[in-house]
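One structure is given below, encoded as structure tokens.
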Amino acid sequence: MKSCCLLVLLICGAQAQIQGVAIEAAPGADVHGTIHTQLDKTVSLLCRALEEGAELVWRRNGAMVSLKAENQRGNSSVCVTPVLHQDNGATFSCHLGKNATVQDAVTLNVTFPPVLSESEDVSVEEKSPLVLSCETFANPPVSPPLWTLNDSTVDLLAGSFSVTNDGSTSRLSCGAVDRGLHEGRYQCTVDSPLHGTRTRVFRVTVTDKTTKFPLMPIIAGVVVVFLTGVFAIFSRWSKITKCCK
Ligand SMILES: *[C@@H]1O[C@H](CO)[C@@H](O)[C@H](O)[C@H]1NC(C)=O
Ligand SMILES: *[C@@H]1O[C@H](CO)[C@@H](O)[C@H](O)[C@H]1NC(C)=O
Ligand SMILES: *[C@@H]1O[C@H](CO)[C@@H](O)[C@H](O)[C@H]1NC(C)=O
């Protein structure tokens, strides 16, 4: 995903004149260093050069953006469509082809909510580990979620739970489930200043421990077959040796 950089840069329309170079967000929006946008939207940027017909160069995070010949002189446009997660924080700069210090730049701020809405039924065997995960990746970032069990805050100590948060995922886990302690309705709730409260529900049921693969009877069976074979050969051999005498 990252390497192929799903940026689709298209050629848009243009016209104008300013001092040095200046970037505008089309249509006509003022840009003060940052452009606020959302996932899947389109951002169109127009760079204008004061000098008529001056060659312009666009860069995304320092890497040159390839432009069609007719989109390189006087004014030049780039479109980011659709806007993706990896465009968050990306800086687009435009400079004169003959003097890179004559430049303007904008940074994208792509806001997106944490993806938490669906609910899940989880079935776990008695004494097996339980791990519940919540995606908390969002912009603006959210605080670690609140984990509840049957509508009360999860008692980490009582349930031998541990919680890890790595900035994009929160995990509630316990090493060996016990029906009395761990069965129930879990919720992870995240509060976003921009996107409101989001919740994910896990209905956890603990099933009886199934008997593991019966290894001992199989070994006993193999031994019996082997010994039977040995006895068969032995008795036969004793018959053979008897008749040879
Ligand atoms: C590039 O532009 C800057 C700012 O206008 C100017 O100070 C500098 O001399 C120019 N450099 C060249 C090589 O033209
Ligand atoms: C991006 O915009 C959001 C919402 O306006 C804001 O909370 C956040 O701080 C901004 N992020 C950056 C890096 O400017
Ligand atoms: C949670 O509620 C369910 C349904 O009322 C109940 O069966 C379960 O034992 C409760 N879990 C805990 C840990 O109290």
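We did not get these values from a lab; they are worked out from the coordinates using the rules stated. Quick caveat: nothing in here was measured; it's all calculated off a predicted structure. Cβ: placed from backbone, ideal geometry, glycine included. Neighbour counts: every protein chain shown.
Scanning the range 141-158 for residues that are in contact with a strand residue (DSSP E or B) (Cβ under 6 Å, 6 or more places away or on another chain) and either in a loop (DSSP other than H, G, I, E, B) or within 30 Å of GLY89 (Cβ to Cβ) (or both) turns up VAL142, PRO144, PRO145, LEU146, TRP147, ASN150, VAL154.
Exactly one residue out of LEU56, LEU108, LEU45, LEU39 is under 30 Å from LEU172 (Cα atoms), touching a residue at least 24 places away in the same chain (Cβ under 8 Å) and aliphatic (A, V, I, L, M), and it is LEU39.
If the condition is being aromatic (Phe, Trp, Tyr) and either within 11 Å of HIS182 (Cα to Cα) or more than 16 Å from ligand 3 (Cβ to nearest atom) (or both), then the range 126-163 contributes PHE137, PHE161. Against the condition within 23 Å of SER119 (Cβ to Cβ), more than 16 Å from ligand 3 (Cβ to nearest atom), without any contact (Cβ under 8 Å) to a residue 60 or more places away in the chain and surrounded by 16 or more Cβ atoms within 10 Å (Cβ to Cβ), how does SER192 come out, does it pass? Against the criterion (within 23 Å of SER119 (Cβ to Cβ), more than 16 Å from ligand 3 (Cβ to nearest atom), without any contact (Cβ under 8 Å) to a residue 60 or more places away in the chain and surrounded by 16 or more Cβ atoms within 10 Å (Cβ to Cβ)), SER192 does not qualify.
Residues are listed down the side, and each one gets a yes or a no for (1) over 15 Å from GLY20 (Cα atoms); (2) in a strand (DSSP E or B); (3) over 20 Å from the mean Cα position of the chain (by Cα); (4) more than 16 Å from ligand 2 (Cβ to nearest atom):
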{"site": "LEU56", "(1), (2), (3), (4)": "no, yes, yes, yes"}
{"site": "ARG59", "(1), (2), (3), (4)": "yes, yes, yes, yes"}
{"site": "SER76", "(1), (2), (3), (4)": "no, yes, yes, yes"}
{"site": "CYS94", "(1), (2), (3), (4)": "no, yes, yes, yes"}
{"site": "ASN109", "(1), (2), (3), (4)": "yes, yes, no, no"}
{"site": "PRO114", "(1), (2), (3), (4)": "yes, no, no, no"}
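If we scan the range 146-161, do we find a residue that is in contact (Cβ under 8 Å) with a residue 40 or more places away in the chain and either in contact with an Asp or Glu (Cβ under 9 Å, 6 or more places away or on another chain) or exposed (fewer than 12 other Cβ atoms within 10 Å of the Cβ) (or both)? Looking through the range 146-161, at least one residue is in contact (Cβ under 8 Å) with a residue 40 or more places away in the chain and either in contact with an Asp or Glu (Cβ under 9 Å, 6 or more places away or on another chain) or exposed (fewer than 12 other Cβ atoms within 10 Å of the Cβ) (or both).
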